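Participant: Below is a structure I'd like to ask you about.
Values quoted throughout were computed directly from the atomic coordinates according to the rules given, and no laboratory measurement underlies them. Since the structure is predicted, the reported quantities are computational estimates derived from the model, not experimental observations. Please note: Cβ atoms are built from the backbone with ideal geometry, for glycine as well, and neighbour counts cover all protein chains shown.
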Amino acid sequence: MQLHNTASGRKEPFEPLDPKRVTMYVCGPTVYSYAHLGNARPAVVFDVLARVLRHRYPRVLYARNITDIDDKINAAARAEGVDIGVLTSRYAAAYHEDLAALGVAPPDFEPRVTQYIPQILAMIRRLIDSGHAYEAQGHVLFHVPSYPDYGQLSRRDPRELLAGARVEVAPYKKDPGDFVLWKPSPPELPGWDSPWGRGRPGWHIECSAMAEAVLGETIDIHGGGHDLVFPHHENERAQSTCAHGGKLFARFWVHNGFLTDRGEKMAKSVGNVRLVRELLKHAPGEALRLALLSGHYRQPLEWNDEVIADARRKLDRLYGALRDAGDLAPAHEAQAPQEFVEALEDDLNTPAALAVLFELARALNKSEDAADKARLAGRLRAAANLLGLLQQSPQAWFAWKPANAEVPTPQEIEASIARRAAAKKAKDYAEADRIREALKARGVLIEDVPGGTRWRLADG
RNA sequence: GGCUCGGUGGCAGAGUGGUCAUGCAGGGGACUGCAAAUCCCCGUACGUCGGUUCAAUUCCGGCCCGAGCCUCCA
């Protein structure tokens, strides 16, 4: 398997440290609002990576955290006048719902920062004791010059970081690059007692502490969005490496690219985010998932309505092939084609893998032999499963409708189809076509096939 | 300014030193009462200027254009 490693800037052969225990840690959301597509992309991408790893290795430990203490959370909770726990549980639950709709399987571990405060304090203690951190005015700061490799992950020269610095340097910092591990909390804000006073963790230490607690000191893969490379992952790497006496923290750093909106990145700071739950009102989650996988994970992905419509038509084709194959596929015995697996194992080349899916669909459509069709359908399902796609019945796919959509009930549709069949039998084609057009006007498309007529709801 | 990534046919989007990506849209044909679905066929695609090479979209260099990061962010 090949994986692009941000640390080296190139694709490298991936071999886990221990093939019997592959570890992956991915930075999850800070839960103070509903998830937008930018949050969904890494969730989907690393879900696929986890599936591919599980296909190859017997045991994969995948951790994706939830950050449930942070200044933005504090601000949002205060604005609503509720405890931060109320706010974070609400948005964590919403996050789970949204990801489930996108076919994202739960990770093996989902640590929350507020449940790992002791581990965070212990790690800070170790960093102070080993001379990598110091206390200043109620803060504990990581001392960047104490870690000579600082800047290596993001290819940055620490001396030059100051040049473009956009923030004022706090007067208590020994070095302008030093960053906070622990910061004081005033009485009105959430806080925990510590040897350095009541406070809360800085932004980066949580992931270091939780990755260590859940997966160990050296992990195989550390993932997240590309914007986390600096400062978040650079700082995590510094903390973890120093807290572990110089031991390698993450062997592979994997980062997904941004979603873009008319060429510009989709981000809260830009104000052009699309909420997953809003999009789910107008399109099936599986279509959103396919759209997110239709480009390579490291490339920017332009998002618009056409991308979604395109994904729906692709799924129409794939499910159409499965529907024509009937339900005779012994999926559990089927294997994904080698070519498909190789595409995914080549740095998660999902577009190339999808191409194999369409080749299977074409072969399936062409095949006349029942056993052959069953075999191909099984392979198609098995392959798609690695992408988290095609796991529902074609009937369910073609019956999807937007929330609150006004479409006829299946009973009404069947009744219309029966009347049309009678008209056809009587060679009253004008009446038959009139019924078909009437259904079409109400969002129902029908197709005559040998042995009857089937229907589906239009993508509109 | 520093550091990264990109520019592929109408659109989306892989990839490769010399035969195919793939999907959608479009054109033609088969099938169909007509459609739809499906199948078959089709379109001088690789930003630009040079270099290396028998051969460059692919390798190298310059240029143009775009995006991202440089302590809020997936």
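Participant: Report the semi-axes of the equivalent ellipsoid for segment A:24-165 in whole Å, largest first, where each axis is √(5λ) for an eigenvalue λ of the Cα gyration tensor.
Facilitator: 30, 23, 16
Participant: On to the next question. Give the average over all directions of the projected area of the C-alpha convex hull of segment A:17-260, one decimal, in nm². Before the final figure, lay out each step's value.
Facilitator: Details: hull surface 54.1 nm².
Convex hull of Cα atoms, orientation-averaged projection: 13.5 nm².
Participant: If you take the alpha carbon radius of gyration of segment A:169-232 and divide it by 2.2 N^0.38 Å, what ratio comes out, to two decimals? Working shown, then result.
Facilitator: Values: Rg = 14.4 Å, N = 64, 2.2 N^0.38 = 10.7 Å.
Against the compact-globule rule of thumb, the ratio is 1.35.
Participant: Taking a cut-off of 16 Å between Cα atoms, list the aspartates and glutamates near A:Lys424, but don't count ones fewer than 8 places away on the same chain.
Facilitator: Within the straight-line limit of under 16 Å, A:Lys424 reaches these aspartates and glutamates: A:Glu414, A:Asp433, A:Glu437, A:Glu447, A:Asp448.
Participant: Nearest 5 percent is fine: what portion of the DSSP beta bridges confined to chain A is antiparallel?
Facilitator: Here the share of antiparallel DSSP bridges comes out near 55 percent.
Participant: A:Glu302's amide H: which non-local residues (gap 5+, or another chain) put their own amide H closer than 5 Å, with H modeled 1.01 Å from N in plane and none for Pro or chain starts?
Facilitator: Close amide H contacts, sequence-distant or interchain: A:Thr260.
Participant: Would you mind pulling out the separation of the Cα centroids of segment A:221-272 and segment A:364-414, in Å?
Facilitator: Each part reduced to its Cα centre gives a spacing of 37 Å.
Participant: Could you work out how much longer the chain between A:Lys268 and A:Asp305 gets when fully extended? Use 0.36 nm per residue separation minus the Cα distance between them, nm to one decimal.
Facilitator: Gain in length upon complete extension: 11.4 nm.
Participant: Percent relative contact order of chain A, based on C-alpha pairs within less than 8 angstrom and at least six residues apart?
Facilitator: Working: 706 pairs, mean separation 72.4, N = 460.
Reported as a whole number, the value is 16 percent.
Participant: Hey, another quick one. Can you return the aspartates and glutamates within cross-link range of A:Lys268? Criterion is Cα-Cα under 13 Å, with same-chain partners fewer than 8 residues away left out.
Facilitator: A:Asp227
Participant: Calculate the dipole size of segment A:17-260 relative to its Cα centre from +1 charges on Lys and Arg beta carbons and -1 charges on Asp and Glu beta carbons; express the result in debye to the nearest 20.
Facilitator: 560 debye
Participant: Give the Debye-formula value of log10 I(q)/I(0) at each listed q (0.14, 0.22 Å⁻¹), with one equal scatterer per alpha carbon of segment A:282-398, two decimals each.
Facilitator: Here the Debye-derived log intensity ratios amount to -0.55, -1.26.
Participant: What distance in nm separates the simple spin-label points at A:Gln392 and A:Ala421, each placed 7 Å from Cα in the Cβ direction?
Facilitator: 2.6 nm
Participant: Please compute, for the alpha-carbon atoms of segment A:113-209, the extent along each of the three principal axes and give them in descending order in Å.
Facilitator: Computed over the Cα atoms, the extents are 37, 24, 21 Å.
Participant: Would you list A:Lys265, A:Lys247 from fewest to most Cβ contacts within 10 Å?
Facilitator: Numbers: A:Lys265 16, A:Lys247 11.
Going from least to most buried by this count: A:Lys247, A:Lys265.
Participant: What does the highest-first list of A:67-76, A:23-32 look like by mean Cβ count within 10 Å?
Facilitator: So the order, starting with the most tightly packed, is A:23-32, A:67-76.
Participant: Give, in nm to one decimal, the length gained when the segment between A:Gln152 and A:Ser8 is fully stretched (0.36 nm per residue of separation minus the Cα-Cα distance).
Facilitator: Values: separation 144, 0.36 × 144 = 51.84 nm, distance 0.92 nm.
Stretched fully, the A:Gln152-A:Ser8 segment lengthens by 50.9 nm.
Participant: Once the Cα atoms of helix A:37-56 and of chain A are each reduced to a long axis, what angle between those two axes, in degrees from 0 to 90 to the nearest 10, is obtained?
Facilitator: Once rounded, one gets 80 degrees.
Participant: Would you please give the FRET efficiency between A:Arg442 and A:Glu278, computed as 1/(1 + (r/R0)^6) with r the Cβ-Cβ distance and R0 = 25 Å, to the nearest 0.05? Please list the in-between numbers first.
Facilitator: On the way: r = 25 Å, r/R0 = 1.00.
The computed FRET efficiency comes out at 0.50.
Participant: Over every pair of different alpha-carbon atoms in segment A:410-457, take the mean of 1/r and invert it; report that Kirkwood radius in Å.
Facilitator: Hydrodynamic radius (Kirkwood, Cα pairs) of segment A:410-457 is 10.6 Å.
Participant: Moving to a separate point now. List, in order, the whole-Hz ³J(HN,Hα) value for each residue of segment A:236-241 obtained from phi through the Karplus relation with A = 6.51, B = -1.76, C = 1.60 and θ = phi - 60°; use x for Gly and Pro.
Facilitator: Karplus-based 3J(HN,Hα) across segment A:236-241 equals 4, 4, 4, 4, 5, 4 Hz.
Participant: With charges set only on the Cβ (+1 for Lys and Arg, -1 for Asp and Glu), what does the dipole of chain A come to about its Cα centre, in debye to the nearest 20?
Facilitator: Rounded to the nearest 20 debye, it is 660 debye.
Participant: If you don't mind, another one. Taking only the Cα atoms of chain A, how large is their convex hull per residue, in Å³? Walk me through the numbers on the way to the answer.
Facilitator: On the way: hull volume 72.1 nm³, N = 460.
With only Cα atoms used, chain A gives 157 Å³ per residue.
Participant: Could you pull out every residue, at least 5 positions away or on a different chain, whose amide H is within less than 5 Å of the one on A:Trp253? Hs are placed 1.01 Å off N in the peptide plane, and Pro or chain starts have none.
Facilitator: A:Thr6, A:Ala7, A:His222
Participant: What number in nm² do you get for segment A:219-301 if you take the convex hull of its Cα atoms and divide its surface by four?
Facilitator: Directional mean of the projected Cα hull area for segment A:219-301 stands at 6.9 nm².
Participant: Still on this structure, please answer the following. If I take R0 = 41 Å and measure r between the Cβ atoms of A:Ala355 and A:Asp193 in this structure, what FRET efficiency does the formula 1/(1 + (r/R0)^6) give, to the nearest 0.05?
Facilitator: Working: r = 57 Å, r/R0 = 1.39.
For A:Ala355 and A:Asp193, the calculated efficiency is 0.10.
Participant: Kirkwood hydrodynamic radius, segment A:355-460, all distinct C-alpha pairs: what's the number in Å? Before the final figure, lay out the partial values.
Facilitator: Numbers: mean 1/r = 0.0625 Å⁻¹.
Its Kirkwood hydrodynamic radius stands at 16.0 Å.
Participant: Less than 13 Å from a label point 7 Å out along the Cα-to-Cβ axis of A:Ala458: which backbone N atoms in segment A:394-414 qualify, by residue?
Facilitator: Those under the cut-off are A:406-408.
Participant: Along the charge dipole of chain A, which of A:Thr67, A:Ala309, A:Met1 sits closest to the positive end, that is, farthest toward it, with unit charges on the beta carbon of Lys, Arg, Asp and Glu (+1, +1, -1, -1)?
Facilitator: The Cα lying farthest towards the positive end belongs to A:Ala309.
Participant: Applying a 10 Å radius around every beta-carbon, put A:248-256, A:118-126, A:199-207 in order of their mean neighbour count, most first. Please report the intermediate quantities before stating the final value.
Facilitator: Details: A:248-256: 22.1, A:118-126: 19.6, A:199-207: 24.1.
Packing order, densest peptide first, comes out as A:199-207, A:248-256, A:118-126.
Participant: By how many degrees, 0 to 90 and rounded to 10, does the Cα axis of helix A:429-441 deviate from the longest principal axis of chain A?
Facilitator: Once rounded, one gets 10 degrees.
Participant: While we're looking at this one, here's another question. Using 0.36 nm per residue of separation minus the Cα-Cα distance, give me the extension gain between A:Glu406 and A:Asp71 in nm, one decimal.
Facilitator: Difference between extended and current length: 116.2 nm.
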